[in-house]
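The structure appears right after this line, and notes come after that.
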Amino acid sequence: DPCESGEDAIGLASANRYDLIFMDHMMPGMDGVEATSRIRKIEEHEKTPIIALTANAISGMREMFLESGMDDFLTKPIDPAKLDHILRKWIPADKQGAPPEDTAERKHEDVKIGPIEGVDVEAALRRLGGNAGAYLNVLETYAAYTPAILDKLEAPTEDSLMSYAIEAHGVKGSSYSIGALEVGRLAEDLEAAAKAGNLAEVSEKNGVFLRRARELIERLSLLRKGDSPAKEQRNAPPRDALEAMLEASAGYDTNAMTQAMEELDKYSYETEAELVDWLREQIENLEYDLIRKRLSAYLES
């Protein structure tokens, strides 16, 4: 269950029993330390593992988070291997399933990603174990969701510097995650200036940052369009792939969901193309319950 603020996290924790909570450090309004303190006062979550997420990997941060009531610590950009270790360490053993036998071998070697201006592709791929398919998904997600954040940074004011710092912090982390070092560094400098209350510096550098970030997003948006061969056209999405996705969504089977989406993406469609685009977006957002409801209604119609 995702949320965007400490207040929202407390509300979700009050209404649900979780086995694990990931808590970002910097969020709009209440920060992660205060949110953790309040969640610990909820009886069901006195001992729930809470994992700190932060881009500030400086000495003493781990100790500060542990002393504030969190149980472990992950730095951003997130290393998938370290995330996997955290999940296996803290999720109750009876709720852990064995990974599919082919998970380690599936590198999507049929996906090729060439050089991208402003992006260290090789470094980002190394972090993902060479999985070019997963990396392409991350790039597409970045291109889809970052523009709305950039729009919030258009006109910084004295009163908005703190919220500006938080939004810039998010762009910094996601940019470093995809290997976009220039945009990440620009966001990092602006985050620091905003935290220091330096509106003049933020205003001076903001235009260059927004321009560079939007230029990068444009390059990422064109990445797949320019290199993809023409797809075979079908009248509608294959029913067997939709049924496989419905079954996978009911079992929260991420691997099977990805395989079903790859099958759907092999073709273009005369009808129901919107459904395929919608499914892709919901998979990125982990909205498996929404997928199950819509596919159930669609396949029964």
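The values are calculated or read from the model by the stated rules, or taken from the named source; none is laboratory data. Note that the coordinates shown come from a computational prediction; the quantities given were computed from them, not determined experimentally. Here the Cβ is made from the backbone with ideal geometry for all residues, glycine too, and neighbour counts use every protein chain on show. SASA here: full protein model, heavy atoms, side chains in, ligands and nucleic acids out. Shrake-Rupley method; radii C 1.70, N 1.55, O 1.52, S 1.80 Å.
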* **Complete set of residues in segment 274-283 that are without any contact (Cβ under 8 Å) to a residue 24 or more places away in the chain and open to solvent by less than 80 Å² (accessible area, probe 1.4 Å)** => 278, 280, 282
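How about segment 11-42: which of its residues are among the β-branched types (Val, Ile, Thr) and open to solvent by 30 Å² or more (accessible area, probe 1.4 Å)? Spell out how you get there, then give the answer.
We begin by selecting, within segment 11-42, every residue among the β-branched types (Val, Ile, Thr); these are 21, 33, 36, 39, 42.
Within segment 11-42, just 33 meets the criteria.
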* segment 229-241 residues that are part of a loop (DSSP other than H, G, I, E, B), paired with ones that are open to solvent by 100 Å² or more (accessible area, probe 1.4 Å) and at pLDDT 80 or above (beta carbon under 6 Å, 6 or more apart) -> 235/270
* Exactly one of (1) closer than 30 Å to residue 299 by Cβ; (2) of a type in the set (Lys, Arg); (3) in contact with a Gly (Cβ under 7 Å, 6 or more places away or on another chain) is unmet by residue 172. Its number? -> (1)
* Given (1) at pLDDT 90 or above; (2) touching a strand residue (DSSP E or B) at 6+ places or on another chain (Cβ under 7 Å); (3) open to solvent by 70 Å² or more (accessible area, probe 1.4 Å), number of the condition residue 231 does not satisfy -> (1)
* Structure fact -> For segment 140-156 the number of residues that are more than 27 Å from residue 280 (Cβ to Cβ) and either of a type in the set (Lys, Arg) or open to solvent by 30 Å² or more (accessible area, probe 1.4 Å) (or both) is 2
* Asked: What about residue 65, is it of a type in the set (Phe, Trp, Tyr), open to solvent by less than 40 Å² (accessible area, probe 1.4 Å) and closer than 14 Å to residue 86 by Cβ?
  -> yes
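For (1) surrounded by 20 or more Cβ atoms within 10 Å (Cβ to Cβ); (2) under 19 Å from the mean Cα position of the chain (by Cα), each residue gets a yes or a no:
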position: 158; (1), (2): no, no
position: 162; (1), (2): no, no
position: 172; (1), (2): yes, yes
position: 183; (1), (2): yes, yes
position: 192; (1), (2): no, no
position: 199; (1), (2): no, no
position: 202; (1), (2): yes, no
* Residue selected from segment 248-260 under the condition part of a helix (DSSP H, G or I) and touching a helix residue (DSSP H, G or I) at 6+ places or on another chain (Cβ under 6 Å), by the criterion most open to solvent (accessible area, probe 1.4 Å) -> 250
* Asked: Quick one: what pairs do we get from segment 196-217, first residue assigned to a loop (DSSP other than H, G, I, E, B), second buried (at least 17 other Cβ atoms within 10 Å of the Cβ), C-beta under 7 Å, 6+ apart or different chains?
  -> 197/161
* Residue count for segment 119-129, restricted to those that are open to solvent by less than 40 Å² (accessible area, probe 1.4 Å) and not in a helix (DSSP H, G or I) -> 1
* Asked: Are there any pairs with C-beta distances below 6 angstrom linking a residue in segment 284-301 that is within 14 Å of residue 242 (Cβ to Cβ) and open to solvent by 80 Å² or more (accessible area, probe 1.4 Å) to a residue that is assigned to a helix (DSSP H, G or I) and of a type in the set (S, T, N, Q), with the two at least 6 apart or on different chains, and if so which?
  -> none
* Of all the residues that make up segment 43-60, how many are open to solvent by 20 Å² or more (accessible area, probe 1.4 Å), out of contact with any Leu (no Cβ under 8 Å at 6 or more places or on another chain) and on the phi < 0 side of the Ramachandran plot? -> 9
